[in-house]
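So the structure is just underneath, and the comments pick up after that.
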Amino acid sequence: TDPVAFDVVSEGLAEVHRRLLPVTDGEVASYIPQLALADPDDFGIALVSMGGHRYEAGSSRTEFTIQSVSKPFVHALALAELGLDEMSRWVGNEPSGDAFNAISLEHGTGRPANPMINAGAIATTNLVPADSPAERSARILDALSAFAGRRLAVDEEVYRSEAATGDRNRALAYLMHAAGSLRTDPVEAAEVYFRQCSVLVNTVDLAVMGATLANGGVNPVTREQVVPEQVAVEVLSVMATCGMYDAAGDWLVRVGLPAKSGVSGGLTAASPARFGIACYSPPLDRTGSSVRGVVALRELSRRFGMHLMHHP
Ligand code: GLN
């Protein structure tokens, strides 16, 4: 470790954490009843370098469900199995400019716009080869665990809460099934997706997961090659254009990193060949991303010159 760099990064995270802690904007998601129980004051930041060093501030070890931050990692698993050409026949790579739960299906084919919105994520999840929904869920949990570098588990209460209120996602699955863009049973397809969203993580896990994509698919902590390098490149590209939903353009301008947010308040971003960085803070903005998370990343991006388009 370089002790000077360690202090600079740690102090940067601590300072941004301290300054943004009093921010009270945003609303905790409540359309999934269990998510409404989250503590709006929880705020964690974590950064993981390509050397596997972890830098943390605040409640970086508080657990929460991964929700949509799972999408790029399951996309990576499906891409590793199917390859980009086959994958693209089923799910597009175009930003939709719509909300995360929009009915964004291509005219005629029913193909969802991209794997980061719910429709595309449900389709992607169900492209993971398996003989049964249970086996598919197990494969997804294994993959998310490999990205995080530790054994993860499903929060059964959040899963039940999500399944009990998930009619909109089931409706998306039915529409895709009717159009021929989803080949598995729509109800089972939604269940596998709900379980994927209910996997428990902490902020450090999300930073390790982002760092694995930044590191060409190799987990910088365990050194495991989780997905091929080319897959990591493809997933980061989709994150850059679609990861922040209808705020993806503004995010790219202001932060300049591929990223993915979720409704529980988690957010992960990747700086290729440099680090993964993550935040957790439950209050969300209009587009369904963490208010503190977005501001923290804007500020840290400036401070550390993280923007991809920045001249070094
Ligand atoms: N499980 C959530 C849903 O499908 C995930 C959405 C999100 O995190 N943006 O509604």
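The values are calculated or read from the model by the stated rules, or taken from the named source; none is laboratory data. Please read all numbers here as calculations on a predicted model, not as lab measurements. Using ideal geometry, Cβ is built from the backbone for each residue, glycine included, and neighbour counts are taken over all protein chains shown.
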> Taking only pairs six or more apart or across chains, which ones have beta-carbon atoms under 6 Å, a first residue in the stretch 20-37 that is away from the ligand (no atom under 15 Å from the Cβ), and a second residue that is part of a loop (DSSP other than H, G, I, E, B)?
Replying inline: 21/43
> Restricting to the stretch 9-37, what's the tally of residues that are surrounded by 14 or more Cβ atoms within 10 Å (Cβ to Cβ) and either part of a helix (DSSP H, G or I) or assigned by TED's automatic domain parsing to the domain that holds residue 150 (or both)?
Replying inline: 12
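Within the stretch 38-47, does at least one residue satisfy the condition of being over 20 Å from residue 284 (Cβ atoms), assigned by TED's automatic domain parsing to the domain that holds residue 173 and crowded, with 20+ Cβ neighbours inside 10 Å? Spell out the reasoning first.
First pass over the stretch 38-47, keeping only residues over 20 Å from residue 284 (Cβ atoms): 47.
Still in the list and also assigned by TED's automatic domain parsing to the domain that holds residue 173: none.
Looking for residues that are over 20 Å from residue 284 (Cβ atoms), assigned by TED's automatic domain parsing to the domain that holds residue 173 and crowded, with 20+ Cβ neighbours inside 10 Å, one finds none in the stretch 38-47, hence no.
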> Would the stretch 144-160 turn up any residue that is more than 19 Å from residue 78 (Cβ to Cβ) and of a type in the set (Val, Ile, Thr)?
Replying inline: yes
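Kindly indicate whether any position in the stretch 212-226 is in contact with a Cys (Cβ under 7 Å, 6 or more places away or on another chain) and over 16 Å from residue 27 (Cβ atoms).
No, because not a single residue in the stretch 212-226 is in contact with a Cys (Cβ under 7 Å, 6 or more places away or on another chain) and over 16 Å from residue 27 (Cβ atoms).
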> Residues that are among the β-branched types (Val, Ile, Thr): which helices (runs of 4 or more DSSP H) entirely in the stretch 151-205 hold 1 or more of them?
Replying inline: 156-164, 186-197
> When the residues of the stretch 193-203 are filtered to those that are crowded, with 24+ Cβ neighbours inside 10 Å and of a type in the set (A, V, I, L, M), which remaining residue is farthest from residue 51 (Cα to Cα)?
Replying inline: 199
> Out of (1) away from the ligand (no atom under 16 Å from the Cβ); (2) crowded, with 17+ Cβ neighbours inside 10 Å; (3) modelled with pLDDT of 95 or more; (4) among the hydroxyl-bearing types (Ser, Thr, Tyr), what's the single condition that is false for residue 181?
Replying inline: (3)
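Conditions tested, residue by residue: (1) within 16 Å of the ligand (Cβ to nearest atom); (2) small (Gly, Ala, Ser); (3) out of contact with any Cys (no Cβ under 7 Å at 6 or more places or on another chain); (4) under 25 Å from residue 246 (Cβ atoms).
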residue: 48; (1), (2), (3), (4): no, no, yes, no
residue: 51; (1), (2), (3), (4): no, yes, yes, no
residue: 81; (1), (2), (3), (4): no, no, yes, no
residue: 118; (1), (2), (3), (4): yes, no, yes, yes
residue: 138; (1), (2), (3), (4): no, yes, yes, no
> Taking the stretch 112-165 as the search range and keeping residues that are among the polar types (S, T, N, Q) and closer than 19 Å to residue 268 by Cβ, which one is surrounded by the fewest Cβ atoms within 10 Å (Cβ to Cβ)?
Replying inline: 145
> If you take the residues in the stretch 88-100 that are crowded, with 18+ Cβ neighbours inside 10 Å and assigned to a loop (DSSP other than H, G, I, E, B), which one is nearest to the ligand (Cβ to nearest atom)?
Replying inline: 100
> Which one of these does residue 204 not meet: (1) within 15 Å of the ligand (Cβ to nearest atom); (2) of a type in the set (Val, Ile, Thr); (3) farther than 22 Å from residue 138 by Cα?
Replying inline: (1)
> Looking at (1) out of contact with any helix residue (DSSP H, G or I) (no Cβ under 6 Å at 6 or more places or on another chain); (2) under 25 Å from residue 242 (Cβ atoms), which is the one condition that is false for residue 71?
Replying inline: (1)
